[in-house]
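The values are calculated or read from the model by the stated rules, or taken from the named source; none is laboratory data. If you're wondering where the values come from, they're calculated on a predicted model, not measured in any experiment. Here the Cβ positions follow ideal geometry from the backbone for every residue, glycine too, while neighbour counts run over all protein chains shown.
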Amino acid sequence: MIQKSQLDLRKFVAPEFVCGHGALQLAGRYARNFGMKQVLLVTDPGVRAAGWTGAVGESLTEAGVSFTIFDSVSVNPRSRQVMSGKEVYLSEECNGIVAVGGGSPMDCAKGIGIASSNMRDILTFEGVDRVPVPAPPLVCIPTTAGSSADVSQSALITDEERKRKIAIISKALVPDISLLDPEPLTTMPRKLTVDTGMDTLSHAIEAYVSNASSPMTDVHALEAIRLIHSALPAALEEPDDLNLRFSTLLASLHAGLAFSNASLGAVHAMAHSLGGAYDLAHGRCNALLLEHVIAANYEAASDRYDRIREIIGPAQDERAPLAEGVAAFRKTLGVTETLAAVGVRADAIPALAEQAYADSCLVTNPRSLTCEEIGRIYEHAF
């Protein structure tokens, strides 16, 4: 790993956030405080059916803020969905966005915001700091614990034509406020709880070993690992326990503050490639890849991986002990499949590796990986 000094220049970006039971009910107050008169309420059909979109709508109405619901958002939001949302935003003369849901609605909302303010196609913003005009005010209410889109400066959008995910990274994507309420998490299906929890773990581990990590991000990354490792299995057993759900939400918050400022690594680069090609859940992709990337990276950041091992637990493999600990952890959560089992084809590996090799997350991976080495990691995950 590249040796760094704690005196190296680093920046830290974070939005305002409010934590605790009842935070969702503050949506209308904050929308009004930001000067919103007509809101685009971005969500998805599942969140709407669970009643959380309606609850946010009631808060907006009580605050005297009008809104239009946009729920044409899928898992892994598509570029056409962003552009459809932009048209609704403009036609309804909105001046602010409220997103309620998991990472997909929040990323879609971010995309709608910058596409509307810049009057450009969302795919033209791919990369780092390529958003010239700031987005309109954005309030996020996460209903999952994992994506951390509510506190990050990034958005992932699927380019349907090329079957790939693009990453947009800019301070313009940092929400104005996140309202972190544990109650919406109680309606999450078990699989979604697992997938988003493993996303939190992946965010935290990759941020901690990132070559852009810093003392500020380290604190958040390690606390996220500690929280999710203890709270996620317990939340699966007691899904209605608000204290456990809040612990997973807090873990997601810490992980988001860490990776938004330290970036990520090969796990996410490879997961983005998988998700774009096969439309798989992002958290599940991370879960299936994490231990294999750790094994490949271990020598480049052994001290840091060993520190994480102290939290996650022992394993037998002396070369890459954390990899076994992560594998054991995911299996206790019921994640036992391989890439082949979720439909990935072996002959797709070269193309997947090429996409991952070009992903911006690879820049901060602790070890410099070739395209061929990435391909071998995919093979190990089969």
Looking at the structure I just gave you, is His229 touching an Asp or Glu at 6+ places or on another chain (Cβ under 8 Å) and either assigned to a helix (DSSP H, G or I) or not assigned by TED's automatic domain parsing to the domain that holds Ser74 (or both)? no
Tally, over region 125-161, of residues that are under 15 Å from Ala172 (Cα atoms) and surrounded by fewer than 18 Cβ atoms within 10 Å (Cβ to Cβ): 8
How many residues, within region 167-183, are among the charged types (D, E, K, R), within 17 Å of Asp107 (Cβ to Cβ) and not in a loop (DSSP other than H, G, I, E, B)? 1
Checking the structure you have, find out if any residue of region 257-272 is touching a Gly at 6+ places or on another chain (Cβ under 8 Å), in a helix (DSSP H, G or I) and in contact (Cβ under 8 Å) with a residue 40 or more places away in the chain. no
Filtered residues of region 123-167 (kept if under 19 Å from the mean Cα position of the chain (by Cα) and polar (S, T, N, Q)): Thr143, Thr144, Ser147, Ser148, Ser152, Gln153, Ser154, Thr158
Of the residues in region 5-24, how many are without any contact (Cβ under 8 Å) to a residue 40 or more places away in the chain and either closer than 12 Å to Val100 by Cβ or hydroxyl-bearing (Ser, Thr, Tyr) (or both)? 1
Count of region 201-212 residues which are of a type outside the set (A, V, I, L, M, F, W, C) and in contact with a Lys or Arg (Cβ under 8 Å, 6 or more places away or on another chain): 2
